[in-house]
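Visitor: One structure, as structure tokens, below. Some questions next.
Taken together, the values in this text are just the output of simple stated rules run on the coordinates, not laboratory data. Note that the coordinates shown come from a computational prediction; the quantities given were computed from them, not determined experimentally. In this analysis, Cβ positions are derived from the backbone assuming ideal geometry, glycine residues included, and neighbour counts consider all displayed protein chains.
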Amino acid sequence: MVDFNNEATISTPAVDIVRVLILQRHSDALDAIEFYKKKTLGGVAYPTDVMASRIYSLYLQNIKPIQRNISKEDFKQLEKDVNSIEEADLIKAFLIINGVLDELRLTKIDTGKKHDTTNVEEENHVKGL
């Protein structure tokens, strides 16, 4: 979580603070999904309220980037899914939001160029040799 009482936070650009807040909400939603799944796989009838509220919070934090990155039809469906209490709808909503965050390079981890490691010449070219 961002510590607003820390002097380093004051000199940090706002966009970086918002990125950290988004990643925290993303992590919170994943934790809620994991906890829900753990309970239900263990045979416990567990409510979706925490998972739903955390996914909804992530949605609210990112509503404008989501609107800019998906079609109007997909956004209307997302609005329905994010307001549902059904596990399948909530997971669909999370996956759409997660896809947008990936497109925005907030959660993308596969950023390296793909190349044929068996081709020495190509590998040297990629490495700038």
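Visitor: State the label only: which of [x] 37, 19, 13; [y] 32, 22, 17; [z] 32, 16, 11 corresponds to semi-axes √(5λ) of the Cα gyration tensor in Å computed from the shown model?
Guide: Identified label for the calculated read-out: [y].
Visitor: Under the 0.36 nm per residue contour assumption, what length would be gained going from the current alpha-carbon distance of residue 95 and residue 76 to full extension?
Guide: Values: separation 19, 0.36 × 19 = 6.84 nm, distance 1.50 nm.
Value of the extension gain: 5.3 nm.
Visitor: A further question follows. What are the ³J(HN,Hα) values, in whole Hz, obtained from phi via the Karplus relation 6.51 cos²θ - 1.76 cosθ + 1.60 with θ = phi - 60°, for each residue of segment 57-71 in sequence order, with x given for Gly and Pro?
Guide: Rounded to whole hertz, the list is 4, 4, 4, 4, 5, 10, 4, 5, x, 5, 4, 6, 10, 10, 5.
Visitor: Okay, next question. Could you calculate the FRET efficiency of residue 69 with residue 31 from 1/(1 + (r/R0)^6), where r is the beta carbon distance between them and R0 is 30 Å, rounded to 0.05?
Guide: Values: r = 24 Å, r/R0 = 0.81.
That gives a FRET efficiency of 0.80.
Visitor: What's the center-to-center distance, using Cα atoms, between segment 12-38 and segment 85-102 in Å?
Guide: Answer, in whole Å: 14.
Visitor: Can you pick out the pairs among 64/127; 39/76; 92/127; 37/127; 39/80; 37/72 whose Cα atoms lie more than 32 Å from each other? Let's see the in-between values first.
Guide: Values: 64/127 38 Å; 39/76 30 Å; 92/127 39 Å; 37/127 42 Å; 39/80 25 Å; 37/72 30 Å.
Correct reply: 64/127; 92/127; 37/127.
Visitor: Further question on the same structure: Taking 8 Å as the Cα distance limit and 6 or more residues as the minimum spacing, I'd like the relative contact order of segment 7-109 as a percentage. Provide the component values of the computation, followed by the final result.
Guide: Values: 70 pairs, mean separation 25.5, N = 103.
Computed over segment 7-109, the figure is 25 percent.
Visitor: If R₀ is 41 angstrom, what is the calculated FRET efficiency for the pair residue 17 and residue 119, using the beta carbon separation as r and rounding to 0.05?
Guide: On the way: r = 43 Å, r/R0 = 1.05.
My answer for the efficiency is 0.45.
Visitor: For the chain, with only Lys/Arg (+1) and Asp/Glu (-1) charged at the beta-carbon, what is the dipole magnitude about the Cα centre, in debye rounded to 20?
Guide: Numbers: 17 positive and 21 negative charges, 50 e Å.
In debye, rounded to 20, the chain gives about 240.
Visitor: So, one more: Can you compute the FRET efficiency between residue 38 and residue 102 using 1/(1 + (r/R0)^6), with r the Cβ-Cβ distance and R0 = 25 Å? Round to the nearest 0.05.
Guide: Numbers: r = 25 Å, r/R0 = 0.99.
After rounding, the FRET efficiency stands at 0.50.
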